[in-house]
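Read-outs throughout are calculated quantities, based only on the coordinates presented, and are distinct from any laboratory measurement. Not measured: the values here are computed from a predicted model. Every residue, glycine among them, receives a Cβ derived from its backbone with ideal geometry; neighbour counts consider all protein chains shown.
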Amino acid sequence: MSTTKDYKDYVLNQLEIMDGITCKSMMGEYLLYYKDVLFGGIYDNRVLVKIVSSNDLYNLSRKIPYSGAKPMYLIDDLDNKELLKKIILDTCKSLPLKK
């Protein structure tokens, strides 16, 4: 199942609290960047972020974004925009800029 446009739009609306968020389409799903740092994506109507030591403190559940992929952390509370922002900022602390 691919992510719906409505869900993608909802996620981007929730992320408007942050300047520098970009979203790129990839095979029916979406990659999410914060200031050129690829931190996660929208897969099957779920927001997933990369697993790094700086976001372990949130005790998020691990999910597989698609067959053959590494596990990622699921953010299931998108309504709490401040928490969403903190998770993304903490995730990006440990990730490199895109090439």
Revision key, fill the gap. Length gained if Asp36 through Leu57 is fully extended, taking 0.36 nm per residue and subtracting the Cα-Cα distance, is 5.2 nm
Exercise for review: At 0.36 nm per residue, minus the direct Cα-Cα distance, what do Ser2 and Asp79 gain on full extension? Give it in nm, one decimal, please.
Suggested key: 25.5 nm
Review point. Counting Lys and Arg as +1 and Asp and Glu as -1, each charge on the Cβ, what is the dipole of the chain about the Cα centre in debye, to the nearest 20?
Key: 440
Exercise for review: Mind checking which of Gly68, Tyr34, Ile51 is farthest towards the positive end of region 1-94's charge dipole, using Cβ charges of +1 (Lys, Arg) and -1 (Asp, Glu) about the Cα centre?
Suggested key: Gly68
Practice item. Assign one of three labels to the chain, namely rounded, prolate or oblate, based on the Cα gyration tensor with a ≥ b ≥ c the square roots of its eigenvalues; rounded applies when a/c is under 1.5, prolate when it is not and a/b is larger than b/c, and oblate otherwise. Key: rounded
Practice item. Measure out, as a whole number of angstrom, how far apart the alpha-carbon centroids of region 12-32 and region 37-94 sit. Key: 13
